[in-house]
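Asker: My questions all concern the structure below.
The values are calculated or read from the model by the stated rules, or taken from the named source; none is laboratory data. All values reported here derive from a predicted model rather than from experimental measurement. Neighbour counts are summed over all protein chains in view; Cβ atoms, including those assigned to glycine, are modelled from backbone coordinates with ideal geometry. Only protein heavy atoms, including side chains, enter the accessible area calculation; ligands, DNA and RNA are left aside. Shrake-Rupley method; radii C 1.70, N 1.55, O 1.52, S 1.80 Å.
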Amino acid sequence: MAKEKLTRVKKSIASGRRSFLVLIAVLGPGLITASADNDAGGISTYSIVGARFGYALLWTLPLILISLGITQEMGARMGMVTGKGLGGLIRERFGLRMTAFAMITTLVANFGTTMAEFAGIAAAMQLFGVSKYVGVPACALAVYLLVVKGSYRRVERIFLVSSVVYLSYVISGVLARPDWSSAFRMMTVPTIRPTTAFVFAAVATIGTTITPWGQFFIQSYVVDKGLTKHDLAYERIDVYFGAFVTQFIAFFIIVACAATIYAKGLPINDAADAARALAPLAGGFASSLFAFGLLNASLLGAAVLPLSTAYATCEAFGWEADVDVPPSEAPIFYALYRAFIILGAALVLIPGVPLITVMYVAAAVNGILLPVILVYTLVITNDRGIMGDHVNGFVFNVVAWVTVVVMIVLTAVLLGFQFLGIG
Amino acid sequence: MIRFKEALFHMPVTDEEGTPVGQVEDLAFAFGEATPVVEALAVELPWTDRIGPFRLVRPVDDIALLFPWSQVAAVEESRIVLGGRHPGFDVVSAEGLLLVRQDVIDKQLVDDEGNRLQRVDDVILDQDGRTLRVEEVYLGMTWLPTSVHLKEVLQRLTRKARASEEVDEIPWQLVDDVDRDADVLTLKPLQ
């Protein structure tokens, strides 16, 4: 009896240890996607939201967290069950025409975000006292060479490790002594203001977090890592944890800006204004600290986004896509990748381009176009012919469809307000 | 010559009295021949209460059944006519057969060295009365600067055909393998 019990105990210990090792091994796609979510668009959107509306939009964060976790899980699950990226799945499920529509939507959204990343680089460079006409081209070239000549994964990990700088918002948010009771109350009580600016902020807050590119990215990442449906349970932990981390940082960026910029009635028109949120922590170095975080976020985004866009598009149409082959063997892949970087950087160099506005608007564009990709995702994840037993459950379908409907309604309201000239 | 997606997919299927049966879902053929004959017609039925000789306990919605091509009476411009009266048609298994839409269209085409060429946009069929044969794999957008490997394949085919314009269809006889698990079609080495 004792021997049997010992065997059972040993087995449970061994399986626990194996479980932990498996969890460590699969950790990554969710966390990486989440960190990439806090890009230039993310930092600027949360800063503007906190600086202009105080705590009024905090209530959206828990809802976005749930939606983000579920939509990202769907993307990861599709990748693990089918072993294919989202572009390829869309093509095989919907055919050529619908694929073209999906990819055009994605290209538009992703190009906006790529511009935002370079706008972030420009803004950060200016805070460091470097002209954008020097900094942006240099960074564009550096990102291109690092990815094409170096190891993309190593570059990604460097940026991810340095993402720990976002914790400065957590510390600054605490040191700013915000009204915590008010902040937590506003997190649970929805506030709705019938103005264009408020609705736009809501669309941008959602759009900077749940993005079309994020859906493609997490799916291709799990496929790249070789994760299968046997890793589903562990990958869910990774995805949900990543979603939590994203919103945790977003919360403190908003709170820090609300407690410093909003509370003093200060404007937020550029990156220097947004950097004030870090003054409680860094004092006179707030500007440099903010610039470092923004630069880090923007470089990661600039490295990830054009590349994943080029991969996804080529996968959808069956063209060669590989940074390890010469351009003559993958001409469309390289053309897309280069075009995104060159055009994204070039447009930001136009004199007078309002950098923080570019980042903010790009986030809203993501939000407006998000329903298109989510609908494709929902059809696929409910198709037993593709997903087998791993189709969406009821709760997942409800949350995902609610997300689609909310974004469509918000977009319609925004357009309606514009048309009617409201606020 | 007709293209499956362009001309046949979702075409109405009726019986000999004009009663709607369903719409064309797919075509089945055996792999191995240079220009394989279509052996069966996959029809999507809105509902049915029988499958072949078997009457079901309850009707099923939205089902696709495979009818042997011998039951096709005519392939007209706007419909396919089955000989006999609905629902009294025989049904065959898809085992061992390839399906044009499910296994070929939108799948990845690679050359014999594994280089990606493009995804298959459509399949071209030769119609001779009521007989259909799989002739070619159709690739659109070859005017784009696609891979050098695809360009080589198409240039060789153009030279072989002595065509004045670049061909953008690949003869089915050049398809060496259809990997259903990987959704990949592999071409034979070109000589």
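Asker: Which ³J(HN,Hα) values in Hz, rounded to whole numbers, follow from the phi angles of region A:177-183 under the Karplus curve 6.51 cos²θ - 1.76 cosθ + 1.60, where θ = phi - 60° and Gly and Pro get x?
Answerer: Once θ is set to phi - 60°, the couplings for region A:177-183 become 6, x, 7, 4, 5, 5, 4 Hz.
Asker: Sticking with this one: Counting Lys and Arg as +1 and Asp and Glu as -1, what is the net charge of the other residues whose Cβ lies under 14 Å from the Cβ of B:Leu8?
Answerer: For residues surrounding B:Leu8, the net value is -3.
Asker: Moving on. Taking all protein chains together and a probe of 1.4 Å, list B:Ser78, A:Ser182 from the most accessible to the least accessible. Write out the running numbers ahead of the final one.
Answerer: Values: B:Ser78 85, A:Ser182 20 Å².
These residues rank, largest area first, as B:Ser78, A:Ser182.
Asker: Additional query: Along its three principal axes, how long is region B:2-99 when you only count alpha carbons? Whole Å, largest extent first please.
Answerer: For region B:2-99, the Cα extents along the three principal axes come out at 42, 29, 21 Å.
Asker: At B:Ala163 and A:Leu141, where each label point lies 7 Å from the Cα along Cα→Cβ, what is the point-to-point distance in nanometres?
Answerer: Result for the modelled spin labels: 4.4 nm.
Asker: What is the mean projected area of the alpha carbon convex hull for region A:60-160, to one decimal in square nanometres?
Answerer: So the mean shadow area of the Cα hull is 9.5 nm².
Asker: How much length would be gained if the chain were fully extended between B:Glu6 and B:Ala94, taking 0.36 nm per residue of separation minus their Cα-Cα distance, in nm to one decimal?
Answerer: 29.4 nm
Asker: By how many degrees, 0 to 90 and rounded to 10, does the Cα axis of helix B:148-161 deviate from the longest principal axis of chain B?
Answerer: In chain B, helix B:148-161 runs at an angle near 80 degrees to the longest axis.
Asker: On the protein heavy atoms, probe 1.4 angstrom, tell me the percent of accessible surface of chain B carried by carbon and sulfur.
Answerer: C and S fraction of accessible area: 46 percent.
Asker: How many percent of DSSP beta bridges within region B:101-187 run antiparallel, rounded to 5?
Answerer: Restricted to region B:101-187, the bridges split so that about 85 percent are antiparallel.
Asker: Starting at the first residue of region A:65-78, write each ³J(HN,Hα) from the Karplus equation 6.51 cos²θ - 1.76 cosθ + 1.60 with θ = phi - 60°, in whole Hz, x for Gly and Pro.
Answerer: Karplus-based 3J(HN,Hα) across region A:65-78 equals 4, 5, 5, 4, x, 6, 5, 5, 4, 4, x, 5, 5, 4 Hz.
Asker: Sticking with this structure for a sec: Check which residues have an amide H placed less than 5 Å from B:Val38's amide H, if you skip close sequence neighbours.
Answerer: Amide H to amide H, under 5 Å and 5 or more residues apart or across chains, B:Val38 pairs with B:Leu132, B:Arg133, B:Val134.
Asker: Can you compute the charge dipole magnitude of region A:160-285 about its Cα centre, using +1 on each Lys and Arg Cβ and -1 on each Asp and Glu Cβ, nothing else charged? Give it in debye, rounded to the nearest 20.
Answerer: My answer is approximately 320 debye.
Asker: Moving to a separate point now. Put a dot 7 Å past each Cα toward the Cβ at B:Glu113 and A:Ser288; how far apart are the dots in nm?
Answerer: About 5.3 nm, to one decimal.
Asker: Pick out which of A:Thr260, A:Thr211, A:Thr105 has the largest mean-square fluctuation in a Gaussian network model of chain A, springs linking Cα atoms closer than 10 Å.
Answerer: In this elastic network of chain A, the residue with the biggest mean-square fluctuation among A:Thr260, A:Thr211, A:Thr105 is A:Thr105.
Asker: Pick out, from A:Ala100, B:Ala94, A:Gly173, the residue whose Cα sits farthest towards the positive end of the charge dipole of the protein assembly as shown, with +1 on the Cβ of Lys and Arg and -1 on the Cβ of Asp and Glu.
Answerer: A:Gly173
Asker: Binning at 10 angstrom from zero up to the longest distance, how are the C-alpha pair distances of region B:14-168 distributed in percent?
Answerer: With a bin width of 10 Å, the distribution comes to 10, 33, 28, 18, 10, 2.
Asker: Given the options B:Val123, B:Val148, B:Val137, which has the most mean-square fluctuation in a GNM of chain B, springs set between C-alpha atoms less than 10 angstrom apart?
Answerer: Looking only at B:Val123, B:Val148, B:Val137, the largest GNM fluctuation is found for B:Val148.
Asker: While we're looking at this one, here's another question. Quote the charge dipole size of the protein assembly as shown about the Cα centre in Debye, to the nearest 20; the model charges only the Cβ of Lys and Arg (+1) and of Asp and Glu (-1).
Answerer: Values: 48 positive and 58 negative charges, 638 e Å.
With Lys and Arg at +1 and Asp and Glu at -1, about 3060 debye.
Asker: Hey, another quick one. Might you tell me the accessible area per residue for chain A, computed with a 1.4 Å probe and given in Å²?
Answerer: For chain A, the solvent-accessible area averages 40 Å² per residue.
Asker: Could you check which residue among B:Asp128, B:Asp90, B:Asp103 shows the biggest mean-square fluctuation in a GNM of chain B with a 10 Å Cα cutoff?
Answerer: With Cα springs under 10 Å in chain B, the top fluctuation among B:Asp128, B:Asp90, B:Asp103 is at B:Asp128.
Asker: Tell me, rounded to the nearest percent, the portion of alpha carbon pairs in region B:101-187 spaced more than 22 Å apart. Show your work: numbers first, answer last.
Answerer: Details: 880 of 3741 pairs.
It works out to 24 percent of all Cα pairs.
Asker: A further question follows. Report the calculated FRET efficiency for A:Leu343 and A:Met98 (r = Cβ-Cβ distance, R0 = 41 Å), to the nearest 0.05.
Answerer: So the FRET efficiency works out to roughly 0.95.
Asker: Could I ask something else about it? Name the residues whose placed amide hydrogens come within less than 5 Å of the amide hydrogen of B:Val123, ignoring near sequence neighbours (fewer than 5 apart) on the same chain.
Answerer: Counting only residues 5 or more places away or on other chains, the set is B:Phe4, B:Lys5, B:Tyr138.
Asker: So what are the ³J(HN,Hα) numbers for region A:357-367, from phi and the Karplus equation (6.51, -1.76, 1.60; θ = phi - 60°), rounded to whole Hz, Gly and Pro as x?
Answerer: For region A:357-367, the Karplus-derived couplings read 5, 4, 5, 5, 5, 4, 5, 5, 4, 4, x Hz, x marking Gly and Pro.
Asker: If you rank A:Met187, A:Met359 by how much accessible surface each has, with a 1.4 Å probe, what is the order from largest down?
Answerer: A:Met187, A:Met359
Asker: Going by accessible area, probe 1.4 Å, with all protein chains left in place, what is the ranking of B:Arg119, B:Arg55, B:Arg162, largest first?
Answerer: I get B:Arg162, B:Arg55, B:Arg119, largest accessible area first.
Asker: I've got another one for you. Toward the positive end of the charge dipole of chain A, about the Cα centre and with charges on Cβ (Lys, Arg +1; Asp, Glu -1), which of A:Ile192, A:Leu378, A:Ile66 goes farthest?
Answerer: Looking along the dipole axis, the top candidate is A:Ile66.
Asker: In vacuum, with every alpha carbon of the protein assembly as shown counted as one equal point scatterer, what does the Debye formula give for log10 I(q)/I(0) at q = 0.05, 0.09, 0.12 Å⁻¹? Two decimals, please.
Answerer: -0.28, -0.81, -1.18
Asker: Can you flag which of B:Lys107/B:Lys160; A:Lys149/B:Lys160; A:Lys149/B:Lys107; A:Lys132/A:Lys225 are past 29 Å Cα-Cα?
Answerer: Exceeds cut-off: A:Lys149/B:Lys160; A:Lys149/B:Lys107; A:Lys132/A:Lys225.
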